[in-house]
Amino acid sequence: MYASQQDELINVKGLHKYFLGNHILKGIDFSANEGDLISIIGRSGCGKTTFLRCLNCLEILDSGTIHIAGITLSRHLNHHITEENNPSNNKKRRVLLPNLGMPKEERLDDDFRLKARAIRLKVGILFQNLNLFPHMTVLENISRPPMIVKGENRDQTVPRAIGLLEKVGLEKFMDRYPHQLSGGQAQRVAIARALAMSPQVMLYDEPTSSLDPELVQEVMEVMINLHKEGMTQIIVTHAMNFARKASNIVIYMEDGKIVEQGHPDEIFDNAKDQRTQQYLSIL
Amino acid sequence: MYELMNNFINFRSIRRLSYLMIKKFQEYLKKKYTSGLSSILLKLTLIFAILFSIPEISYSQKKPALSWAADAEGNAPFIFKDPTNMNNIGFEVDIAKAIADELFMEALFVQNQWDGLIPGLQIMNYDVAINGIEITPERLSEVNFSTPYYITHVQLVVLKGSKIRCLSDLFGKDVGCLKNSYAERVLLDTAERGPTAIRVKSYEGEVNAFQDMLNGRLDAALVDAPIALYYASWNPEFQLAGEGIGEMSYGVAIRKSDTLLLRNINNALASIGSKGKLKDILMRWNLWNQSMRKYLNDYSESNIPPSEFKKYLKSQGKAKTFSERMQGYYDSLSLFGRAALTTIQISVTSMIIAIILGLVIALIRIYSPPPFSKMATAYIELIRGTPLLIQLYFIYYVLPTTGIKFTPFLAAVIGLGLNYAAYEAENYRAGLFSVPKGQMEAAISLGMKRRQALRFIIIPQALRLVIPPITNDFISLLKDSSLVSVITMVELTKVYMQLSLVDYDFLGNGIIVALVYLLLGLPFVKMAKYAERRFSVDKKRVVQ
Ligand SMILES: Nc1ncnc2c1ncn2[C@@H]1O[C@H](COP(=O)(O)OP(=O)(O)OP(=O)(O)O)[C@@H](O)[C@H]1O
Ligand SMILES: [Mg+2]
């Protein structure tokens with residue numbers, strides 16, 4: 001048991017998350033091996049995005065254990081309504097401090113904070129709205145973060161950034177600004193930006209949902225190529241086709257829990273759980 | 001005096017330091033960026049650097065200096081601008097020089113707002129104040145006075161043909177006077193004893209009272225006799241009513257602690273009095289009167305002509321021809337030019353303080369834990385909720401009592417800088433909030449620390465958003481800088497007032513000063529427009 005956990009790149013046990021006193025993630029157990037391409041499907045609002053954000057420590061789990069690439073984060077709050085989750089408390093904070101997109105880390109101890117940052121360095125994430133940096137060119141978007149975060153110098157990061165741009169087929173666009181890109185191109189730049197940090201795991205939140213059908217292909221291809229290179233990837237998606245064809249594991253989530261997981265064929269053709277069957281049938 | 005020099009030296013080293021900092025910053029910018037934003041910054045810092053490399057006036061002189069303060073925006077015959085060459089002239093200028101000569105010193109004039117003459121004396125901005133300051137018990141509790149250098153009375157001035165002859169004719173009438181003056185006290189005392197009220201209106205300057213009389217708002221004005229002589233006696237629309245009233249003495253104001261200086265100045269006054277020098281000056285200004293005769297015990301006849309008074313009348317009496325007027329404007333351009341430079345120096349320096357400090361305050365307000373963020377909020381509210389004028393007075397006149405003393409320039413720049421920092425902080429806050437929160441998230445998810453995310457991702461984007469409002473603020477700062485004349489800076493508005501009071505040409509000089517302000521603001525208006533175009537958010541978001 002212990003040995004197998006060491007082999008797994010990601011291992012999550014009993015993950016709980018609350019928002020404003022609402023129980024959102026209700027005990028998630030999850031694991032992934034190196035090289036897996038995992039698709040997560042499920043109804044809107046079931047907690048998929050929240051789960052991904054917890055994996056990247058953008059949301060701080062309230063209880064459970066997350067083990068990613070050799071780093072283990074553990075947290076166990078006794079009360080369901082913690083200070084941080086108490087709705088009345090939160091309202092107060094809202095007024096004083098509008099949410100500026102920062103995880104509320106101030107109350108966490110230094111050790112936890114260091115670990116969270118270490119995990120973020122190993123886990124790349126692609127947001128639903130990409131959040132490319134609008135004041136930087138495509139090349140800078142990819143080459144500057146490693147300089148800032150890891151102190152690497154330009155001579156190292158620029159060639160690597162160009163290499164990554166070639167990989168996603170955008171080397172011609174490196175001097176453009178994000179607002180001069182199409183949706184699919186922006187998506188691929190965002191992937192390259194995440195890859196530039198040399199992550200061991202890539203997370204995608206509905207990477208193609210906002211794209212025209214003909215653009216979906218070019219983004220999917222990037223992910224399939226990464227899969228061939230052995231990158232571990234977790235994708236939240238509503239594109240069942242892609243989930244079925246590309247991934248080696250499909251996970252069905254409902255109401256903050258993982259209901260069922262298995263090989264795509266198994267899930268799509270032969271779901272054991274009634275809830276999964278029902279969800280797939282209405283598609 | 002020592003202190004004055006000391007401040008000067010400090011200021012000099014600060015200048016040097018800021019110059020070095022600018023150099024460094026420029027190099028850094030050149031190396032780091034080539035974007036449009038930084039090239040604007042580059043230009044700004046260049047302007048700043050040029051402004052500060054202007055050689056400063058040297059105060060070197062052989063004789064020790066006796067620095068004396070007065071308000072050159074004041075009135076004839078005390079101290080005013082010679083219309084022909086814009087030098088400061090007046091009988092007090094002559095007396096100051098005579099006293100200094102007597103002490104083997106050099107008279108060094110220091111410009112100071114009249115209201116601030118005694119506070120300025122107490123914070124050691126100069127050695128003495130000589131500017132028609134009446135010796136009163138209240139003032140004596142704050143400073144020492146020399147023996148009087150001039151004794152005079154107050155005089156009723158009425159419109160030609162008015163029936164008013166004396167104080168008792170004033171009941172039920174509207175009467176103007178200078179605020180906080182002997183005349184005001186006389187009027188209030190009379191009113192108390194009278195059957196019906198006197199509607200006393202106090203003015204910032206006697207000239208305003210005369211103007212209001214012409215406008216029909218006043219029936220009479222009670223003013224110091226010299227003022228009546230210089231502003232009303234020759235004017236066909238006015239007449240002097242009755243004899244002089246009461247008696248008042250002007251003295252040289254000296255700090256309580258400077259007892260030696262007090263003794264020296266009294267000796268000097270006694271000496272110029274007995275030598276006839278004082279009489280000579282007063283004769284030339286046509287101010288020699290019965291009170292002075294008695295005071296100096298000098299009843300001798302002398303035939304010194306009232307040359308200065310005649311000269312003054314000549315400049316007032318005849319209307320200027322068009323070409324004389326134009327020549328006058330042309331001559332005043334160098335004064336305006338120098339003042340414009342001061343205005344720019346003050347505005348640019350305080351804006352740089354505001355831009356940097358504002359960012360720090362905004363960051364503290366948004367991102368620090370409550371005690372600090374609350375302090376930042378309190379600062380912003382305090383500054384925005386109180387008048388700039390009061391803040392300037394506070395920095396210049398109150399802080400020195402706690403040992404913190406600035407030169408007028410530093411006080412002006414700190415006052416305006418601290419004030420505008422509060423407004424800029426709010427601009428930054430708006431800017432920081434309008435950067436989508438996903439930007440911070442993206443930066444954090446890439447492994448950046450909060451500080452790195454702020455510095456490399458959030459602030460650069462916010463800066464673009466705040467450049468247009470900040471540039472607009474600079475234009476209002478340019479105009480607000482006129483307020484620093486209250487702390488003795490001679491900038492554009494002050495020069496405008498000084499020049500206009502020489503011949504009451506508020507219109508002509510007003511047009512010039514308005515043009516200068518417009519000219520100064522123009523590059524920044526242009527810059528604001530450019531910045532708006534260049535950094536407009538909507539444009540950035542459009543997918544092409
Ligand atoms: N920051 C937040 N504060 C409060 N509630 C939140 C927050 N983020 C998410 N939630 C709530 O948590 C629940 C799960 O949200 P989540 O975004 O994880 O759903 P999802 O499965 O990604 O849905 P979708 O498919 O629509 O993206 C929702 O009910 C949502 O309202
Ligand atoms: Mg989602």
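Bear in mind these aren't lab numbers, they're just calculated from the coordinates by the rules spelled out. Not measured: the values here are computed from a predicted model. Don't worry about glycine lacking a Cβ; one is built from the backbone with ideal geometry, like all the others, and counts go over all protein chains shown.
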P(r) of region B:471-528 in 5 Å steps, Cα pairs, percent per bin? 4, 19, 24, 23, 17, 8, 4, 1
Measuring from its Cα centre, region B:324-535 shows a charge dipole (+1 at each Lys and Arg Cβ, -1 at each Asp and Glu Cβ) which, in debye to the nearest 20, is 1060
Longest DSSP-loop-exposure-free segment, GluC sites (Glu not before Pro), chain B, at most 15 other Cβ within 10 Å: B:302-544
Along each principal axis of its Cα atoms, how long is chain A end to end? Whole angstroms, biggest number first, please. 52, 49, 41
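Going down the table (B:Lys256/B:Lys479; B:Lys311/B:Lys479; A:Lys13/A:Lys245; A:Lys13/A:Lys272), which pairs top 26 Å between alpha carbons?
From the list (B:Lys256/B:Lys479; B:Lys311/B:Lys479; A:Lys13/A:Lys245; A:Lys13/A:Lys272), the Cα-Cα distance tops 26 Å for B:Lys256/B:Lys479; B:Lys311/B:Lys479; A:Lys13/A:Lys245.
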Label points 7 Å out from Cα along the Cβ direction at B:Met326 and A:Gln200: separation in nm? 8.6
Between B:Phe433 and A:Asp255, what is the FRET efficiency for a Förster distance of 56 Å, r being their Cβ-Cβ separation, to the nearest 0.05? 0.95
Which one, B:Ile304, B:Phe322, B:Phe406, is farthest towards the positive end of the dipole of chain B when Lys and Arg carry +1 and Asp and Glu -1 on their Cβ? B:Phe406
Suppose the chain between B:Thr259 and B:Phe506 were pulled fully straight at 0.36 nm per residue; how much longer would it get relative to their current alpha carbon spacing? 84.6 nm
In whole µm²/s, the translational diffusion coefficient that Stokes-Einstein assigns to region B:79-196, given a Kirkwood hydrodynamic radius over C-alpha pairs, 20 °C and 1.002 mPa s, equals 124
Against the rule of thumb 2.2 N^0.38 Å, how large the Cα Rg of region B:150-250 comes out: 0.95
Let me spell out the model: positive unit charges on the Cβ of Lys and Arg, negative unit charges on the Cβ of Asp and Glu, origin at the Cα centre of the protein assembly as shown. What dipole size does that give, in debye rounded to 20? 920
More than 54 angstrom apart: percent of Cα pairs within the protein assembly as shown: 38
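Treating only the Cβ of Lys, Arg, Asp and Glu as charged (+1, +1, -1, -1), what charge dipole size does chain B show about its Cα centre? Round to the nearest 20 debye.
Details: 60 positive and 47 negative charges, 616 e Å.
The calculation lands at about 2960 debye.
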Cα-based shape type of region B:337-408, given that a ≥ b ≥ c are square roots of the gyration tensor eigenvalues and the cut on a/c is 1.5: oblate
How much length is gained if the chain between B:Glu106 and B:Asn208 is pulled fully straight, taking 0.36 nm per residue apart and subtracting their Cα-Cα distance, in nm to one decimal? 33.2 nm
Taking Cα pairs closer than 8 Å and at least 6 residues apart, the relative contact order of chain B in percent is 15
Positive-end residue, the protein assembly as shown charge dipole about Cα centroid, Cβ charges, pick of B:Gly172, B:Leu313, A:Tyr252: A:Tyr252
Rounded to whole Å, √(5λ) for the Cα gyration tensor eigenvalues of region B:324-535, largest first, gives 39, 22, 11
Could you list the residues of region B:351-387 with an amide nitrogen less than 20 Å from a label point located 7 Å from the Cα of B:Val398 in the Cα-to-C-beta direction? B:375-387
Choose one of B:Val128, B:Val484, B:Ala531: the residue whose Cα lies farthest towards the positive end of the charge dipole of chain B (beta-carbon charges +1 Lys, Arg; -1 Asp, Glu; about the Cα centre). B:Ala531
What translational diffusion coefficient, to the nearest whole µm²/s, does chain B have by Stokes-Einstein, given a Kirkwood radius computed over alpha-carbon pairs, a temperature of 25 °C and 0.890 mPa s viscosity? 92
Expressed in angstrom and rounded, the centroid-to-centroid distance over alpha carbons for region A:14-30 and region B:340-378 is 43
Under DSSP loop assignment and at most 10 Cβ neighbours within 10 Å, longest trypsin sites (Lys or Arg not before Pro)-free interval of chain B: B:319-544
Rounded to whole Hz and in sequence order, give me ³J(HN,Hα) for region B:273-286 from the Karplus expression 6.51 cos²θ - 1.76 cosθ + 1.60, θ = phi - 60°, writing x for Gly and Pro. x, 6, 6, x, 5, 5, 4, 3, 4, 5, 4, 4, 8, 6
